[in-house]
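All remarks here apply to the structure that follows.
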Amino acid sequence: MSALESGMRFESTSRLGSFSASNDSWCIENDDPSAQLQRDFADWMKEITVNEQLFKLHVYENPNVGQTDLRQHRLRLCKTIAVGEALATLFIALGRAGTAQKEEEPIIALIDQQVGKLFSVLLAWHSPLAAQPDVPDSFKQAAKEEQEGKIVDLDI
């Protein structure tokens, strides 16, 4: 019996998207929305793990990190944050429809925690120097003065 005959259908797009080379995914006809959302959440958590490995290899431990690496880093962070927010919104909407269970509340809290971590990484790596709280004010001031041309290289 083929997948189509057994009640499965093929969908060419995902409602949340993915980072894979293909957005093709299988889903079951008349699938429970809560079950699908749970699977989407699990996929999102796996994607965070994959991204962390890629970030380590191509950005954090890359001695030759370039603009393309940083752009891909920022892209993946932003997309992962957006998907997390979409998941949280869908879990909340599911609850309003009366189909969400109490056990899904911790999932929303975990999503919020992960989004917070991702957002912190985004700010640490991609926000202006002046907005980064872990950089000493003296360094920020020196960088500002250098940009303004107030610091000259003595070339001694």
Residue order, fewest to most surrounding Cβ atoms within 10 angstrom, among 115, 50: 50, 115
Linear extension gain, residue 68 paired with residue 120, 0.36 nm per residue minus alpha-carbon span: 16.7 nm
Unsatisfied cross-links (Cα-Cα over 24 Å) in the set 56/102; 56/144; 56/79: 56/102; 56/144
Fully extended contour minus Cα-Cα distance, from residue 50 to residue 139, at 0.36 nm per residue: 28.7 nm
Calculated Rg and Dmax of region 33-96 using C-alpha coordinates, Å: 14.7, 49
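Read-outs: derived from the displayed coordinates by stated rules, not from any lab. No experiment lies behind these values; they were computed from the predicted model shown. Reconstructed Cβ throughout: ideal geometry from the backbone, glycine too, with neighbour counts over all protein chains shown.
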